[in-house]
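Okay, structure first, notes after.
Here, each number is a calculation from the coordinates, and none is a lab measurement. Computed from a predicted model, the values in this text were never measured in an experiment. Here the Cβ positions follow ideal geometry from the backbone for every residue, glycine too, while neighbour counts run over all protein chains shown.
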Amino acid sequence: MNMEATLAAAPGRGGIADADRIETVYRQRHQEFLRVATAIAGNQEAGKDAVQEGLARAIAARRFFRGSGSLEAWLWRIVVNAARTARRTSAPAVEPWLDGAEAPAHDLPSETIRAAVAALPERQRLVLFLRYYGDLDYAAIASSLGIRRGTVSATLNHAHATLRRTLQEEDSR
Amino acid sequence: MNAEWDPLVAGALAQIAPPVAVDADQILAGALARVPSCRRSRRGFRRTAVLAFAILVLAAGAALAAEHFDLLPWLRTGSNSTARYSVDVNRRFSGPVPSAVRCAAAGRATMFTCVPTTARFESSWQSLPTHVYDFSERIPSRPILTRAFLLRRIDQAEARGIVSKAFAGQARRDVRAVEARFFDFLNVFASIGTTAAGTTTEDGPGGTSVVLVPPEHVPVFVVCAERLHDSLVCRNLAQSEHVPVGAAVYDLLPGSDWQQVAKAPNESTPPLPPAFYRQLLGHDLTTETRLLIEVGTQAAKASGAATAHASPPVRAIPARRKAGGG
């Protein structure tokens, strides 16, 4: 699919982030986008919708991308915002995120892990999701969330400590 | 990669959300469909003009002449993109319906079956198969208009300060004075719905706009109110009588059989012709009553009092892929 050609008749073409570059980034990372969006939005359908909405927003607003950061980080920010909006506007998750494709790393049931993650502050959850589901480094996470790199490090440390403690407590019961 | 990686946390997170296979093309095509590049402005609206009719009869003291009023001839609009129909509030249709259907026999039979499809995710309208319809709306319910109902509405309007005490008093007297048959006609009039589709345009050569139009025999709107196994039984919405409340209305997506034509000036939905009123009332509208209808209709549209729902949002459709493009 040649997206720029497809969109050639669209108003506002000729921007700095052309649609083909957006498509390239999306294709390279689409599984991570969906996984992060699903985790934020609460279920896979909402996550898929958020990725779609984020992509549409990015394509429509591509002329506003000024190239001051990476295109991927810009796209991540849009998708994360779309997923957060989906989380706020949709009903609470009625289905598990995604179960059963990998063998559990320990004996804890998924519900326990989910509850532990859900109990984290939103920023900690977002940083965790981008780190582990999005496979982003500190700089990319900082850029995606519009926070400092040092804040990412501190937030991730807090999240690790809290989750470790909770999971180990649950595991020892 | 400079971020630390906690294996325990990584394992736990992988357990609750492992990677999944996803159709990247489908998500991309869906995103493209949301981009307002080649858009179709749907003017979907339903105008019952009940208020206008009430004003007409109440203010003009019109005599109702028609004994047996045949609605069907008045549901013709002469425009392929405008469907006029009548709703039967005593019939209901409910349950889930697909977001898009393909109606292979649309235009070839009065009633036809439509099957769920995901073909609307195609990126180019030229690559879409023919006769694919996108869900538009459900036929909304409306109250049955009776003398008691109108009196209650007048009370409410007065209590909320929408109308003056004097106006409400006069309206009550009028409502009590009209003959019972008035409400039968009022309900006939209120049952008429109109839904119109805007034009589907795209950029043509030299910065001009061209309009995409479907083949003339293919209905632009279909209405489905019956299930048959995994399919829906549907018909052309235009000139349909007794459409159940809750019936699913679908509108046609551009397909490979659509053609480009030069853009014409905007057309407004044709009003009900003067002969409609002549048959209904037994005489032509006077200038004053015509004016009252116009004022009443505009007031109803502005306040939403007599319009069944607001216009749906403009929906983008997949842009046409230019020659040579991937």
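The table below gives the values:
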| quantity | calculated |
| --- | --- |
| Distance from the range B:170-199 to the range A:147-173 (C-alpha centre basis), Å | 66 Å |
| Net charge contributed by nearby residues that have their C-beta within less than 12 Å of A:Arg125 (K/R +1, D/E -1) | +4 |
| Extension gain from B:Ser256 to B:Ala157, taking 0.36 nm per residue of separation minus the Cα-Cα distance | 30.5 nm |
| Net charge of Cβ neighbours under 13 Å - reference A:Glu72; Lys, Arg +1; Asp, Glu -1 | 0 |
| Average partner coverage of A:51-62, which counts Cβ from other chains inside 10 Å | 5 |
| Other-chain or far-sequence residues with amide H under 5 Å of B:Ala100's (modelled H) | B:Thr117, B:Phe135 |
| Fewest-first sequence of A:Trp74, B:Trp5 by Cβ atoms within 10 Å of each Cβ | B:Trp5, A:Trp74 |
| Spin-label model distance (nm) - B:Ser99 vs A:Ala154, 7 Å beyond Cα toward Cβ | 4.1 nm |
